[in-house]
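Take a look at the structure set out below.
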Amino acid sequence: MLKIDVHTHIMPERIPQWSKEFGYDGFIHLDHHRAGFARMMQGDRFFREIEENCWNPILRIEDYAKHQTQVQVICTIPVLFAYWAKPEDGLKVSRFLNDHIAEIFQHHPKHYVGLATLPMQDVDMAIDELQRCHQLGYKGIQIGSNINNLNLSEPIFIPLWEKLEQLNMCVMVHPWEMMGEEQMKKYWLPWLVGMPAETARAMASLIFAGVMDKFPGIRWMFAHAGGSFIPTIGRLEHGFNCRPDLVAVDNPNNPRNYLGQFWVDSATHDPELLHYILKKQGSRKVALGTDYPFPLGDLKIGQFIEEMGLDTATIEDIFYQSALDWLQMRKDEFV
């Protein structure tokens, strides 16, 4: 069976010392301190150690083959977004990362599909880079759950949504810059608690602002099974009903009505929760997604899905049909 992992991250093996070039700190570079490993550094501050599967496309294909998975949708690591940088510097970083990913999927079209990153701090630059990436063969983009604390529903982003719809490109929304992060550093809470909340923030703001209605041609995918949005849909709906003066100010439609109108990945780490997500979304709106190659990911690549007792049609939807719908691609492009 074809398997497409819609949520994986990759980065170049070598990254320029942007901080030295641009004259200010905050950018990631790699310290290749031992064979097969590198330290991600922000200036002198250690961020994370990564392994070679974070940058080696051949090694990744071999790793995925162990799990009978043929295709990876690749995008950058959110810490590399650089939305906070000067716009012209953010554009240069985006172009560098996008050229790297394009080279991979152009050389390995049976194994890789690309999602671009954009300099979202300047919408005009973001649109220019989006159009360039479309010409390179990208199927969509990955964006953060907020842009320098602006919700994705802000009017400033409307021209980008218009262009995305025009180009028929899809969107992966990934949590980053978690709200309240400074107040919950301990216990890895930004990743465990903040990320699900960030994704729900993005989804709720897009729905309540009516963005999904204004741009029905955009195919939205939300990471980590939509975070805390779907499990708390009852609360969102109740708030919509009991305080429409606060919630329904820009969109008269019940948030529950949007279930099944967007895609989510399967990264729940919990079969019971995935059963619930499937019930609410339908299997054609849930796609295999692992967050490979990071520790919080589903590094057995869908094994728990095969052990859930699902029927063959549902498994096929999760493993490839849903992804093909989202990407607007055909099965024969990979097999």
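Each reported figure results from applying straightforward, stated rules to the coordinates on display, with no laboratory input. Just so we're clear, the structure is a prediction, and the values are computed from it rather than from any experiment. Neighbour counts are summed over all protein chains in view; Cβ atoms, including those assigned to glycine, are modelled from backbone coordinates with ideal geometry.
Can you list residues from other chains, or at least 5 along the same chain, whose modelled amide H is less than 5 Å from the amide H of A287?
Excluding prolines and chain starts, which carry no amide H, the hits are V264, D265, S266.
Using R₀ = 51 Å, calculate the FRET efficiency as 1/(1 + (r/R₀)^6) where r is the Cβ-Cβ separation of R34 and L246; round to 0.05.
The formula returns an efficiency of 0.40 here.
If I build a Gaussian network model for the chain, linking alpha-carbon pairs within less than 10 angstrom, which residue out of Q321, Q72, Q166 has the largest mean-square fluctuation?
Q166
Counting only helical runs of four or more DSSP H residues, what would the 222 nm mean residue ellipticity of the chain come to if each run contributes -39,500 (n - 2.57) and the total is spread over all its residues?
Values: 14 runs with 121 residues, N = 335.
For the chain, the value works out to -10000 deg cm²/dmol.
If you build the convex hull over the alpha carbons only and average its shadow over all orientations, what do you get for segment 151-194? Give it in nm² to one decimal.
On the way: hull surface 15.8 nm².
With every direction weighted equally, the projected area is 3.9 nm².
Over segment 260-335, one equal point on each Cα, no solvent: what is log10 I(q)/I(0) by the Debye formula at q = 0.16, 0.20 Å⁻¹?
Results for segment 260-335 at q = 0.16, 0.20 Å⁻¹ read -0.55, -0.85.
Sort out the exposed loop trypsin sites (Lys or Arg not before Pro) in the chain (DSSP loop, at most 15 other Cβ within 10 Å) and tell me the longest stretch that has none. The partial results should precede the final answer.
Numbers: sites that count: R14, K66, K110, K185, K300, R330.
Of all site-free stretches, the longest is 186-299.
With an 8 Å Cα cut-off and a minimum separation of 6 or more residues, compute the relative contact order for segment 127-178 in percent.
Details: 40 pairs, mean separation 27.0, N = 52.
Once divided by the residue count of segment 127-178, the mean separation gives 52 percent.
Kirkwood Rh, Cα Rg: Rg to Rh for segment 39-156? If you can, show how the numbers build up before the last one.
Details: Rg = 15.3 Å, Rh = 15.4 Å.
Rounded to two decimals, Rg over Rh is 0.99.
Quick one: which residues, 5+ away or cross-chain, put their amide H under 5 Å from the amide H of N146? H built at 1.01 Å from N.
For N146, the qualifying residues are W176.
Quick check on the chain: of the DSSP beta bridges with both residues there, what percent are antiparallel, nearest 5%?
Values: 13 of 35 bridges.
Once the DSSP bridges in the chain are tallied, antiparallel ones form about 35 percent.
With 10 Å bins from zero, work out the P(r) of segment 187-277 over every alpha carbon pair and list the percent per bin.
Whole-percent P(r) values from 0 Å outward: 16, 48, 29, 7.
Please give the Cα centre distance for segment 303-335 versus segment 210-272, rounded to the nearest Å.
23 Å
Eigenvalues of the Cα gyration tensor times 5, then square-rooted: what semi-axes does that give for the chain, in whole angstrom, largest first?
On the way: eigenvalues 161, 125, 80 Å².
The equivalent ellipsoid of the chain has semi-axes of 28, 25, 20 Å.
Cα gyration tensor of segment 87-206, axes a ≥ b ≥ c as square roots of the eigenvalues: rounded (a/c below 1.5), prolate (a/b > b/c) or oblate? Intermediate values should be presented prior to the final figure.
Numbers: a/c = 1.94, a/b = 1.49, b/c = 1.30.
Cα axes put segment 87-206 in the prolate bin.
Need the full-extension length gain, M329 to M308, defined as separation in residues times 0.36 nm minus the C-alpha distance. One decimal, nm. Numbers along the way, then the final one.
Values: separation 21, 0.36 × 21 = 7.56 nm, distance 2.72 nm.
Length difference between fully extended and current span is 4.8 nm.
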